[in-house]
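The values are calculated or read from the model by the stated rules, or taken from the named source; none is laboratory data. Just so it is clear, the model here is predicted, and its values are computed rather than measured. Cβ: placed from backbone, ideal geometry, glycine included. Neighbour counts: every protein chain shown.
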Amino acid sequence: MMITDFIFDLGNVLVDYNPMRCILGYTHNVIDANYIASEVFASEQWIMLDKGTITYEEALRVWKERIPERLHSQLDEIIANFHKHLPEIPEMTELVKRLKESGKRIFILSNVSERFPKITEGLEVMKYVDGAVLSHEEKTLKPDPHIYASLLKKYSINPQGAIFIDDNAENVHIATKFGMTGYIFDGDAERITESFANLGFFKLSVPVEDDVINREE
């Protein structure tokens, strides 16, 4: 069956998710930065934000109960601005653009909080996205099968005609249980671009210098 739909994860697939980049923008003490990363970005509350079962105000109250008061002002700044420190991955944006120009539909299936609009505001890649299903709206996280089923139903996606791209192997595995083709993204944008081109989803452009050489030969 022809592949018509491409479903992408967001963090570390379309955008570079690296909490330390944000944290070090507000504290230059590496020990404090690692502490905040552990107590906040690896906390149960962070997961709950992605599930949509807690607000940022509620999460901040919990974090401040266990984080020293001397770090509270930095914590406020980090939480208020972390979405500004999630740059898109240019090579993946180019891949999505090529797929879209070849007539494919593009979707996002992501574990992400209510900050999704702020995270994606101004990102070029969003110009090519046809729709998204987000964990905070579904009140559950990948790899819960419910969130995959919700995406397929909402956008009338035939799983046999879809490819799911995620950096988490378990998330990809569940997608294949629905009949989708899975691709575990390892951060190598050149590899996935070449793979999709070799499968005929689009044509790689030929560099001008190579084209000149070929015509001269």
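Worth pointing out:
- Residue selected from region 160-190 under the condition without any contact (Cβ under 8 Å) to a residue 24 or more places away in the chain and among the β-branched types (Val, Ile, Thr), by the criterion surrounded by the most Cβ atoms within 10 Å (Cβ to Cβ): Val172
- Within region 36-54, the set of residues being surrounded by fewer than 17 Cβ atoms within 10 Å (Cβ to Cβ) and without any contact (Cβ under 8 Å) to a residue 12 or more places away in the chain comprises Ser38, Ala42, Glu44.
- Within region 16-35, restricting attention to residues that are under 17 Å from Lys84 (Cβ atoms) and of a type outside the set (A, V, I, L, M, F, W, C), the residue that is surrounded by the fewest Cβ atoms within 10 Å (Cβ to Cβ) is Arg21.
- Some residue of region 171-180 being under 30 Å from Tyr26 (Cα atoms) and either touching a strand residue (DSSP E or B) at 6+ places or on another chain (Cβ under 9 Å) or not assigned by TED's automatic domain parsing to the domain that holds Gly11 (or both): no
- Checking Phe202 against (1) at pLDDT 95 or above; (2) in a loop (DSSP other than H, G, I, E, B), the condition it does not meet: (1)
- Restricted to helices (runs of 4 or more DSSP H) entirely inside region 29-107, those with at least 1 residues that are more than 28 Å from Pro143 (Cβ to Cβ) and of a type outside the set (Val, Ile, Thr) are 30-36, 56-66, 72-81, 90-101.
- Residue within region 1-15 that is more than 30 Å from Asn158 (Cβ to Cβ) and surrounded by 14 or more Cβ atoms within 10 Å (Cβ to Cβ) present: no
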